[in-house]
Amino acid sequence: IRNSDSLWELAAAEVQHQESEEETVSERTVFLMGSKAGGKTSILLRCLERDEAPKPTLALEYTFGRRARGHNTPKDIAHLWELGGGTSLSDLVQIPITSVSVSCLSVILVLDLSKPNDLWVTMEKLLQAVQTQVDKVFSQAAQAQKSKPGTKNQQFVHPAARVLPKDYPDRELISPFPVPLLIIGSKYDLFQDFDSEKKKVVSKTLRFIAHYHAASLIFTSIKSESLMSKIKSFFSHLAFGLDRGKTLSSDLNKALIISAGSDSFSQIGPPSVTDVDITSLHAKNPKDLWRKVYEHVFPHENASEQKELKDPSKDPQYSEPQIDAMRAQKDQVTHLENRTSFWWASIAFSHVKKRHIIAILQLIFKF
């Protein structure tokens, strides 16, 4: 009996242990950003298996996904944020990236391959915005830690800080992004019709950027089920911690699928350029060299777009005819009121100015 009692106790303890593990709900945050009208919403809806027509993202939108790890278990939660407007609303990164979310944060950068001339500027500005905000959160946490008694001289490392394995390729030569990063090249169906040399420049440049930031890279098209299935695997890995698979495709004539840690600078090779001497570009560092070569082939055509409107009400994709008409009427009234005020102010100023001149003349003639 004593043996059976102990076996029963062991079985009960095992069941209790399993139940306690099952009741632990995992919560992660995934932040999507990228090229304006680059297909972020379409990709997200496909990953969530939602049969909805994609709509233009209004500034910053939130949704969530849930997934059960097993039968009759609580569902893990993925908090999903999507930034619209390309680079124009990059200041909004401070909303999804906080001291609470940063410990389980991943970033997905969607770049429109069909618009290579805007690609580098979009990538650089958005990655810098996220980097700055994450650094700010880490810095605030470090200051809070130092304010605690007995920790003034201790070096603080944020628990969410990314640490690469010692055998990570080119570990000493890269600058890892502070949180897991996935770069998606969208609209591959349009990109694959480009000139082969231009495709080579885009593909090699994105391979360099992805490896430099210890990020994963994948090209896709919502018209390709096979490519979208690969995207879903990468998404599920970031959102729910599932295995992302071991598919690798580094052939520049095909859609790239390269997981973080699977590439190296030796495999990528030097920048692809034939009509310019690389030494004449006077680059400050390897990344600057790749930028100069890329912009030599794909100059940023619309420099004015770097000064994109911060006011979404003036963006055509957010148009609302009735509201816009009322707003225009209000703006017209305000403009007329301002002009009227200026007119009366001018009259008053002229009147005062005339009186002053008369007073001065009177003083002169007295002498």
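The values are calculated or read from the model by the stated rules, or taken from the named source; none is laboratory data. Computed from a predicted structure; not experimentally measured. Every residue, glycine as well, gets a Cβ built from its backbone with ideal geometry; the counts of neighbours run over all protein chains shown. When the accessible area is computed, the model is the full protein with side chains, heavy atoms only, and any ligands, DNA or RNA have been set aside. Shrake-Rupley method; radii C 1.70, N 1.55, O 1.52, S 1.80 Å.
Return the residues of region 237-248 that are of a type in the set (Gly, Ala, Ser) and at pLDDT below 95; say none if nothing qualifies.
Within region 237-248, Gly241, Gly245 qualify.
Pull out all pairs, ordered by first then second residue, where Cβ-Cβ is under 7 Å, the residues are six or more apart or on different chains, the first lies in region 227-245 and is in contact (Cβ under 8 Å) with a residue 60 or more places away in the chain and open to solvent by less than 10 Å² (accessible area, probe 1.4 Å), and the second is in a loop (DSSP other than H, G, I, E, B) and not basic (Lys, Arg).
Met228/Thr220; Met228/Ile222; Ile231/Thr220
Which of the residues belonging to region 292-335 are open to solvent by 60 Å² or more (accessible area, probe 1.4 Å), at pLDDT 85 or above and touching a helix residue (DSSP H, G or I) at 6+ places or on another chain (Cβ under 7 Å)?
Of everything in region 292-335, just one residue is open to solvent by 60 Å² or more (accessible area, probe 1.4 Å), at pLDDT 85 or above and touching a helix residue (DSSP H, G or I) at 6+ places or on another chain (Cβ under 7 Å), namely Pro299.
Residue under question is Leu126, and the condition is that it be touching a Ser or Thr at 6+ places or on another chain (Cβ under 7 Å), aliphatic (A, V, I, L, M) and touching a residue at least 24 places away in the same chain (Cβ under 8 Å); does it hold?
yes
Which one is farthest from the chain's Cα centre (by Cα), of the residues in region 132-159 that are among the β-branched types (Val, Ile, Thr) and modelled with pLDDT under 85?
Going through the qualifying residues, I end up with Thr151.
Tally up the residues in region 115-135 that are over 22 Å from Val202 (Cβ atoms), surrounded by fewer than 16 Cβ atoms within 10 Å (Cβ to Cβ) and not acidic (Asp, Glu), please.
1
Yes/no per residue for (1) within 23 Å of the chain's Cα centre (by Cα); (2) in a helix (DSSP H, G or I):
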{"position": "Lys166", "(1), (2)": "no, no"}
{"position": "Pro176", "(1), (2)": "yes, no"}
{"position": "Phe208", "(1), (2)": "yes, yes"}
{"position": "Ala214", "(1), (2)": "yes, no"}
{"position": "Ser226", "(1), (2)": "no, yes"}
{"position": "Lys230", "(1), (2)": "yes, yes"}
{"position": "Ala239", "(1), (2)": "yes, yes"}
{"position": "Leu242", "(1), (2)": "yes, no"}
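Give all pairs with beta carbons closer than 8 Å in which a residue from region 94-109 that is of a type in the set (Val, Ile, Thr) meets a residue that is in a loop (DSSP other than H, G, I, E, B) and open to solvent by 10 Å² or more (accessible area, probe 1.4 Å); count only pairs at least 6 apart in sequence or on separate chains.
Matching pairs, first to second residue: Val102/His158; Val102/Ala160; Val107/Pro180.
Looking at Glu23, is it at pLDDT below 95, open to solvent by 10 Å² or more (accessible area, probe 1.4 Å) and out of contact with any strand residue (DSSP E or B) (no Cβ under 9 Å at 6 or more places or on another chain)?
So Glu23 passes the test.
Give me the pairs: first residue in region 274-290 and touching a residue at least 60 places away in the same chain (Cβ under 8 Å), second residue surrounded by fewer than 14 Cβ atoms within 10 Å (Cβ to Cβ), beta-carbon distance under 9 Å, and six or more apart or on different chains, which are they?
What qualifies is Thr274/Glu197; Pro286/Leu173; Lys287/Ser175.
Tell me the residue from Arg28, Arg50, Arg67, Arg46 that is closer than 30 Å to Tyr188 by Cβ, surrounded by fewer than 22 Cβ atoms within 10 Å (Cβ to Cβ), touching a Cys at 6+ places or on another chain (Cβ under 7 Å) and not hydroxyl-bearing (Ser, Thr, Tyr), please.
After applying the criteria, what remains is Arg28.
So which residues in region 91-105 are touching a strand residue (DSSP E or B) at 6+ places or on another chain (Cβ under 6 Å), surrounded by fewer than 19 Cβ atoms within 10 Å (Cβ to Cβ) and closer than 16 Å to Ala161 by Cβ?
Correct list: Cys104 only.
Here is a check on your reading of the model: is Ser203 over 27 Å from Ala161 (Cβ atoms), assigned to a helix (DSSP H, G or I), at pLDDT 95 or above and small (Gly, Ala, Ser)?
It is true that Ser203 is over 27 Å from Ala161 (Cβ atoms), assigned to a helix (DSSP H, G or I), at pLDDT 95 or above and small (Gly, Ala, Ser).
What is the number of the single condition among (1) of a type outside the set (Phe, Trp, Tyr); (2) closer than 19 Å to Phe235 by Cα; (3) at pLDDT 95 or above that Ala129 does not meet?
With respect to (1) of a type outside the set (Phe, Trp, Tyr); (2) closer than 19 Å to Phe235 by Cα; (3) at pLDDT 95 or above, Ala129 is out only on (2).
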